[in-house]
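Following: one structure in structure tokens, then a few remarks.
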């Protein structure tokens with residue numbers, strides 16, 4: 001596979017993941033963190049970091065809006081539920097294991 005094709009496939013795969021997360025708002029960030037070790041906010045931070053490493057300035061809120069498909073505060077008020085005690089315990093255990 002040539003480099004251009006690989007880059008196009010990787011970009012399309014990223015967009016598919018981004019769109020999946022936008023469409024599946026029932027998937028909470030804490031669940032993503034507990035299962036996969038990353039969430040929408042992580043993707044936003046990675047996006048910002050990669051943009052800056054290529055000389056493009058973007059702030060965290062702009063990056064989050066690109067990932068969430070709307071301002072974060074709007075997404076949070078519309079879709080983010082309260083984390084259960086079980087979710088919080090799993091998150092704390094995962095954090096403890098990583099330290």
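Here residue 96 fulfils each of the conditions (1) free of Cβ contacts under 8 Å to residues at least 40 places away in the same chain; (2) touching a helix residue (DSSP H, G or I) at 6+ places or on another chain (Cβ under 9 Å) apart from (2).
If the condition is being surrounded by 15 or more Cβ atoms within 10 Å (Cβ to Cβ) and in contact (Cβ under 8 Å) with a residue 12 or more places away in the chain, then region 29-44 contributes 29, 30, 31, 33, 34, 40, 41, 43, 44.
All of the numbers you see were taken from the coordinates with simple rules; none came from a lab. Please read these numbers as outputs of a predicted model, since none were measured by experiment. In this analysis, Cβ positions are derived from the backbone assuming ideal geometry, glycine residues included, and neighbour counts consider all displayed protein chains.
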